[in-house]
Every structure is written in C-alpha cells, then in structure tokens.
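One structure is given here, and the rest of the page talks about it.
Here, each number is a calculation from the coordinates, and none is a lab measurement. In this text, all values refer to a predicted model and were calculated from it rather than measured experimentally. Every residue, glycine among them, receives a Cβ derived from its backbone with ideal geometry; neighbour counts consider all protein chains shown.
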Amino acid sequence: MAAAGLQEVLPLPLTSTSPPPPLFDGTTRLYVSYTCPFAQRVWITRNYKGLQDKIKLVAINLQDRPAWYKDKVYPENKVPSLEHNGKVLGESLDLIKYVDSNFEGSSLFPSDPVKSEFGEQLISHVDTFVKEGFTSMKAADPVQQISPAFDFLENALGKFDDGPFFLGQFSLVDIAYVPFVERFQIVLSEVFKHDVTEGRPKFAAWMEEVNKIGAYTQTRNDPKEIVDVFKKRFLVQQ
C-alpha cells in the first residue's frame, strides 16, 4: 500500500501515429483513457493495491486511437483492457475484481458474508445508477430527476456503522461508483448550482473520505473538462 501514495508520472496518450508497445512480452499492461470513468475504476484499483510497478499504464487517445489497439490488443476497441499472462481482458467491473483477486495487496472485498452479499448487490446496481445519472442530464429538471439515485447512495451508506464507506472500509464498491459520482457532482454543482451532498450527511462524509485517498485523487479529471464534455454531450439545448 505504501506505493499507492506516490505521485506517478503519467505516460502520454498514444495516438494513430504511435507504434505499439512490445505486446505479449510478459509485461502486464492496463490500457486506459485518462478521461474515461470506466477505465478510472481499474486505474484506482491498481493504484490502491500499490501495483504501479506490476501493472504498466498505457494511455490511449480515444479521439485518435491507434489501429493496432483494435487489431492486435482488444477487438472491442474500447478501454479499459488488461494485458496479462498472454491474454487481454475487458469490462471494468470484471477487471476490478480480477486485479483484486490476481495480484498482491490487501483484498478490496470483504470476506464477511453479510458485507460480501451487500457489496455484490451494490455492484449489480451501479449500471442502473450510471444510466439514471446520464438520463437525468437530459431532463428538464436534472436536479430533481437525479435525486432518487443519490438518495439510494445515502441509504446504502447507512447499512454499516464501522466506517464511512459502503462496506465500512474502502472497497471495490466505492471504486465502482466514485468515477461517475465525481462527474455527476461536478456537473450538478458547476452547471446547475446544486450541492448534491446537501441533506445527505452520510454521502457528504463518504465524499470527504474518498477525496483523502491518493489512489483515487491521482485519477481525478479536471472539473472544467468534465463540464465541457457534459455540455457538448447533454446540454446543448439547455
């Protein structure tokens, strides 16, 4: 875990003119985009477990992605993907579990059966939360539309009282949600002047604690860039 606190020098994103790395040479590589919330999940997991020296970060420019990435690495042509032991795996929720289970470092998922079951329920719900969040951005009243999604998080954070996180201690559940919470919170604040933590004390405490974790804060996006992306994608008619 000590390595998780180190500030990593991030490699430049590879473009259509960039040559491929020496693929399948035994190096474990995590392919990401620095702006992709799905890739951010696996990036946080890698950082928190102190695997910066074990898993090499390879950034892809999604607006000008190299052809070799689809042809030789990941036919799905999206991020994240993980090159490990001669194969390439994808899908962020699968990958955070894979990295947690197949690499050294303390487990990010509890062995306690009650917490484990609740954790799986929350991870199963995260796609619904993400969909509700993005759908709300197009609504006539995004603040009202998204409110139940954040009420769900507030209620879920009250399940255990042995820590500020969903399962008490920081886990894969927090990692699954935080990249999208980050984006929705910034847009609601900057565009709609709404503080999503208001009236949600457990969620407010969760955000405060998450923002103390270097493994996450090193992956955060520039708020201005997040707002610009959302305006271009969702708010043209606002």
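See the values below:
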{"read-out": "Which of TRP43, TRP68, TRP206 has the fewest Cβ neighbours within 10 Å, and the rest in rising order", "value": "TRP68, TRP206, TRP43"}
{"read-out": "Intensity falloff of the chain expressed as log10 I(q)/I(0), Debye formula with alpha-carbon point scatterers, at q = 0.07, 0.14, 0.16 Å⁻¹", "value": "-0.24, -0.95, -1.21"}
{"read-out": "Equivalent ellipsoid dimensions for segment 2-102 as semi-axes, Å, which come from the Cα gyration tensor, largest first", "value": "20, 15, 13"}
{"read-out": "Theoretical FRET efficiency, 1/(1+(r/R0)^6), r = Cβ-Cβ of GLU117 and VAL9, R0 41 Å, to 0.05", "value": "0.55"}
{"read-out": "Backbone N within segment 175-213 under 19 Å of label point (7 Å from ALA140 Cα along the Cβ vector)", "value": "192"}
{"read-out": "With eigenvalues of the C-alpha gyration tensor scaled by 5 and rooted, segment 113-233, Å", "value": "24, 16, 13"}
{"read-out": "About the Cα centre, charge dipole magnitude for segment 74-139 (Lys/Arg +1, Asp/Glu -1 at Cβ), debye", "value": "240"}
{"read-out": "The chain, helix-only ellipticity at 222 nm - DSSP H runs n ≥ 4, -39,500 (n - 2.57), divided by all residues, nearest 500", "value": "-14000 deg cm²/dmol"}
